[in-house]
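As C-alpha cells, the structure follows; a few thoughts come after it.
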Amino acid sequence: MPEPTHENPGVSVVIATHDRDRTLARAVRSVWEQNYSGELDLVVVVDDGRDPADVEVPGPDDPARQRLRVVANDRASGVAGARNTGLGLARHDLVATCDDDDVWLPGRLLAQVARLRAEPDLLAVGGSVRVVRGDVHVVRRAPQERVLLQDLLDSRVMELAPSAMLYRRRPLALAGAWDETLPGGYAEDYDLLLRLARTGPLGLVPDVVADIHWNGGSYFFSRWRTNAAALTQLLERFPEYAASPRGRARISGQIAFAHAAVGDRRGARRWMRRAWTDHRREPRVPLTALVLAGVSAGRIQAALQARGRGV
C-alpha cells in the first residue's frame, strides 16, 4: 500500500453490526465510495455471535489503498464493546465510525480530515447530517464550528452523531473510549463526547456528511426502562450538569417520558418536577403529560422522528 502522507493520512473505520446484513452492505459501500485518496482500513465487528466468515460485505473498490477485516466482538456484548474491539485493531491515527444502518456521503472524510489538519487542538469532528425516515429527509445543519463541554451539557448536539464522527485515536483512547457498562449500552456515544469535551474542543463541518436512518429499527427504539436507567446514571456521572440547569432539565425530561411510557406514573411525575424546576419551558414535560393522559409514547416518538428530532 502507498504510505500515508500529511495531506491524506490513513483513516481506520469501525462499523459494529448486529443482524443487519442488507444495511451493512450499504454502509460498507459508502466507505469504499469516499472521494478520499488516503488509505482506508475498515474493521467490521460482528456482535451477533455469527462466524465473521459468514458475513458477506462488499470488498474494497481499490485494494491498493483499501483494506477490509471482518472480526468477532471479543469484548462485552453490545455496540460499545464492538466499537472498542475495532478501536483496538485500528492501524491509523484517525478513527471514523459508522452505524450499520447509516450511510456516509462521498465527501465526508475529505472535509473532516481537512478540518482536523487545520485545527490541531480539535479532538474529533462531526458535521451536518440528513435524517432519513421513509420518504422524509430532514437536514440537521451543524449549529456551530466548535463544541465545548458546556455546549454538550446544554444540548446533545445531534450533529456529533456516531455515523458522523472522526476521532483522533490517542485522545479517544485516553478518554476511555466507549463505556461498556452503561445499561443496555444506551447513550454510550453521548457519554463519550462528554468525557472527550472535558479535555478539549470538538468540531463540526458544515458539509452534510452522513445519512442517519430512523425507521424504527434502532436497537434502542422504545426500550424505555433501559433508556431511563442509562440517563439516570449519566446525570450521576457528570456533576458538571449543575452548571447547565437547562441541560439537566432535558435529561430529566427524557427520563420522565421513559417512565411514563412504561406506566410508571409516580416516577414520571417525580422526574417531571425535576425538569420543570430546572427549566420551566422544558418541552418534554408536556410530552410526558400527554403520555400520562393516554397518548401512545411510540406515536409521539414516531412523530418527532419524522421531523428529524428525538425525545
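So, of the residues in the range 90-102 that are in a loop (DSSP other than H, G, I, E, B) and acidic (D, E), which turns out to be surrounded by the most Cβ atoms within 10 Å (Cβ to Cβ)?
Going through the qualifying residues, I end up with D100.
Among (1) surrounded by 15 or more Cβ atoms within 10 Å (Cβ to Cβ); (2) touching a Phe, Trp or Tyr at 6+ places or on another chain (Cβ under 6 Å), there is one condition D61 misses while meeting the rest; what is its number?
(1)
Which of the helices (runs of 4 or more DSSP H) contained wholly in the range 103-203 include at least 3 residues that are within 23 Å of N35 (Cβ to Cβ)? Show your work before the answer.
Values: elements: 108-118, 149-154, 169-174, 188-197.
Passing ranges, in order: 108-118.
From the list A173, A164, pick out the single residue that is hydrophobic (A, V, I, L, M, F, W, C), surrounded by fewer than 21 Cβ atoms within 10 Å (Cβ to Cβ) and assigned by TED's automatic domain parsing to the domain that holds R75. Lay out the reasoning, then the answer.
Working: A164 fails: surrounded by fewer than 21 Cβ atoms within 10 Å (Cβ to Cβ).
That would be A173, the only listed residue that is hydrophobic (A, V, I, L, M, F, W, C), surrounded by fewer than 21 Cβ atoms within 10 Å (Cβ to Cβ) and assigned by TED's automatic domain parsing to the domain that holds R75.
Somewhere in the range 45-53, is a residue surrounded by fewer than 21 Cβ atoms within 10 Å (Cβ to Cβ), among the basic types (K, R), in the same structural domain as A80 (by TED's automatic domain parsing) and touching a helix residue (DSSP H, G or I) at 6+ places or on another chain (Cβ under 9 Å)?
Taking every residue of the range 45-53 in turn, none turns out to be surrounded by fewer than 21 Cβ atoms within 10 Å (Cβ to Cβ), among the basic types (K, R), in the same structural domain as A80 (by TED's automatic domain parsing) and touching a helix residue (DSSP H, G or I) at 6+ places or on another chain (Cβ under 9 Å).
Look at the range 201-228 and say how many of its residues are modelled with pLDDT of 95 or more, over 15 Å from V157 (Cβ atoms) and either touching a helix residue (DSSP H, G or I) at 6+ places or on another chain (Cβ under 7 Å) or of a type in the set (F, W, Y) (or both).
Total satisfying the criteria: 2.
Can we say V147 is touching a Pro at 6+ places or on another chain (Cβ under 7 Å), touching a residue at least 12 places away in the same chain (Cβ under 8 Å) and surrounded by 14 or more Cβ atoms within 10 Å (Cβ to Cβ)? Before you say what the answer is, go through the steps one by one.
Details: touching a Pro at 6+ places or on another chain (Cβ under 7 Å): yes; touching a residue at least 12 places away in the same chain (Cβ under 8 Å): yes; surrounded by 14 or more Cβ atoms within 10 Å (Cβ to Cβ): yes.
So V147 passes the test.
Restricting the first residue to the range 271-282 and requiring it to be touching a residue at least 24 places away in the same chain (Cβ under 8 Å) and under 20 Å from Q233 (Cβ atoms), which pairs with a second residue that is surrounded by 19 or more Cβ atoms within 10 Å (Cβ to Cβ) and of a type in the set (D, E) meet a Cβ separation below 8 Å and a spacing of at least six or different chains?
A275/E282
One line per residue, one yes/no per condition, for (1) buried (at least 16 other Cβ atoms within 10 Å of the Cβ); (2) closer than 19 Å to W224 by Cα; (3) in the same structural domain as A228 (by TED's automatic domain parsing):
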site: Y241; (1), (2), (3): yes, no, yes
site: P245; (1), (2), (3): yes, no, yes
site: T277; (1), (2), (3): no, no, yes
site: A293; (1), (2), (3): no, yes, yes
site: S296; (1), (2), (3): no, yes, yes
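Search the range 297-311 for residues that are within 20 Å of H137 (Cβ to Cβ) and in contact (Cβ under 8 Å) with a residue 40 or more places away in the chain and pair each with any residue that is β-branched (V, I, T) and part of a loop (DSSP other than H, G, I, E, B) when their beta-carbon atoms are under 6 Å apart and the residues are at least 6 apart or on different chains.
Q301/V311
Quick one: count up the residues across the range 21-47 that are within 12 Å of D101 (Cα to Cα) and either charged (D, E, K, R) or at pLDDT below 95 (or both). Spell out how you get there, then give the answer.
Taking the range 21-47 as the starting set, the residues that turn out to be within 12 Å of D101 (Cα to Cα) are 21-30.
Subsequent filtering for residues that are either charged (D, E, K, R) or at pLDDT below 95 (or both) retains 21-22, 26, 29.
So the count comes out to 4.
The values are calculated or read from the model by the stated rules, or taken from the named source; none is laboratory data. Source: prediction; values computed, not measured. Ideal geometry is used to build each Cβ from the backbone, glycine not excepted, and the neighbour counts take in all protein chains shown.
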